[in-house]
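Participant: Take this structure first; my questions come after.
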Amino acid sequence: MVISMRPDATEAQIEAVIRKLQELNLDSHRSTGVNRTVIGAIGDISQIDTRDFEILEGVDEVVRISAPYKLASRQFKSNNTVIKIGEVEIGGREVVVIAGPCSIEDSEQIDKIARLVAASGARILRGGAFKPRTSPYSFQGLGENGLKIMREAADKYNLAICSEIMDASQIGLMLNYVDILQVGARNMQNYTLLRSLSKLNKPVLLKRGLSATIEELLMSAEYILAGGNQEVILCERGIRTFETYTRNTMDICAIPVVQKLSHLPIIADPSHGTGIRDKVLPMARAAIAAGADGLIVEVHHDPNKAVSDGAQSLYPEQFDKLMKELEIIARAIGRTLGI
């Protein structure tokens, strides 16, 4: 249930609505927009008479939300959510690009790639210190040492950091180094992890699961929002279908669908979405044309020697060319490239 306050509603009137919700054992989530305040009521509202709230002073409208994802829905918040990381804003007019290697390999590698992607216009450095691999014998990441050298490289080139978290036990460690905590596709429905992240005041990049529907993605975001963390960035990274030519099937259509259903920003990952280097470029261009708020792309200075995902990592010169193309596309749809 969503309670929209009148534009001239006072703070006392807003607090009165929240108190009434508490008396009914309902959780309340307040969202203040440009013109008015909206209060979301979470809990069992089956026996609630909306007229009990409509008569309260300052209340403009009371609407029952039919979607199972309440806080992530456009009905709860009509304006786009903008996530701020330092000087970077994701979900606003600018298109933001996150770039870097799949895995942090050593200090020389991450420094070189950070320098190259920053020079081309990336605003955020990606790189895995803890790697979820299909085989237990594959490279699993450098752990905390990887985060340390990534932080040093990011600070050197004025970049923020996005890195994947595997388990709730890693939160304390990663908060010391990382600006955006990435939840990978395999963990999209790890509800214990999502609940732990919901208690933070830190941006979370939530990737769509391998076979997840759009509703399931939004329901996973709801776990984070319901716990109090409003800083959620969605990511379309391709889904597993019957097609075998590409690693996954890049669902470009999911971008405008999510933007109609939800106020949360959504970016695209064409690297995992295709798994093939020469397919990453057209899918990256298509995602921005479709309205994505940004991209997360894998880039490596020597992908043939990368310890993971070299086949889908762009060469630096390819990434630089892509950024120039994205700038043109962004202008064509009334946006700018955040460089």
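Participant: GLY291 - would you say it is under 24 Å from LEU218 (Cα atoms) and touching a helix residue (DSSP H, G or I) at 6+ places or on another chain (Cβ under 7 Å)?
Facilitator: Against the criterion (under 24 Å from LEU218 (Cα atoms) and touching a helix residue (DSSP H, G or I) at 6+ places or on another chain (Cβ under 7 Å)), GLY291 qualifies.
Participant: Any residue that is surrounded by fewer than 20 Cβ atoms within 10 Å (Cβ to Cβ) and farther than 30 Å from LYS112 by Cβ - is there at least one of those in the stretch 282-289?
Facilitator: Going through the stretch 282-289, the residues surrounded by fewer than 20 Cβ atoms within 10 Å (Cβ to Cβ) turn out to be 282, 285-286, 289.
Next, from what is left, pick out any that are farther than 30 Å from LYS112 by Cβ: 289.
Checked the stretch 282-289: at least one residue is surrounded by fewer than 20 Cβ atoms within 10 Å (Cβ to Cβ) and farther than 30 Å from LYS112 by Cβ.
Participant: What is the residue count in the stretch 197-214 for residues that are of a type in the set (Val, Ile, Thr) and not in a loop (DSSP other than H, G, I, E, B)?
Facilitator: Residues that pass the stated criteria total 2.
Participant: Follow-up. Of all residues in the stretch 215-273, how many are part of a loop (DSSP other than H, G, I, E, B) and farther than 27 Å from VAL299 by Cα? Before you say what the answer is, go through the steps one by one.
Facilitator: From the stretch 215-273, those part of a loop (DSSP other than H, G, I, E, B) are 227-231, 237-238, 240-248, 250-253, 263-265, 269; that's our starting set.
Okay, now just the ones that are also farther than 27 Å from VAL299 by Cα, so 227-230, 242, 263.
Qualifying residue count, the stretch 215-273: 6.
Participant: Within the stretch 225-241, can one find any residue that is under 21 Å from GLN312 (Cα atoms), surrounded by fewer than 17 Cβ atoms within 10 Å (Cβ to Cβ) and in the same structural domain as ARG123 (by TED's automatic domain parsing)?
Facilitator: Yes, there is a match, as at least one residue in the stretch 225-241 is under 21 Å from GLN312 (Cα atoms), surrounded by fewer than 17 Cβ atoms within 10 Å (Cβ to Cβ) and in the same structural domain as ARG123 (by TED's automatic domain parsing).
Participant: Would you be able to say whether some residue in the stretch 294-305 is among the aliphatic types (A, V, I, L, M), outside any strand (DSSP E or B) and either free of Cβ contacts under 8 Å to residues at least 24 places away in the same chain or surrounded by 16 or more Cβ atoms within 10 Å (Cβ to Cβ) (or both)?
Facilitator: No: zero hits.
Participant: Take GLY172 and decide whether it is surrounded by fewer than 24 Cβ atoms within 10 Å (Cβ to Cβ), closer than 21 Å to LEU125 by Cα and more than 16 Å from the chain's Cα centre (by Cα). Steps first, answer last, please.
Facilitator: Working: surrounded by fewer than 24 Cβ atoms within 10 Å (Cβ to Cβ): yes; closer than 21 Å to LEU125 by Cα: yes; more than 16 Å from the chain's Cα centre (by Cα): yes.
Yes; evaluated as a whole, the condition is true for this residue.
Participant: Among VAL38, VAL17, VAL95, VAL62, which is the only one that is more than 28 Å from GLY291 (Cα to Cα) and part of a strand (DSSP E or B)?
Facilitator: Just a single option satisfies the conditions, and that option is VAL62.
The values are calculated or read from the model by the stated rules, or taken from the named source; none is laboratory data. Small disclaimer: the values here were computed from a predicted structure and weren't measured. As a convention, Cβ positions derive from the backbone with ideal geometry for all residues, glycine included, and neighbour counts pool all protein chains shown.
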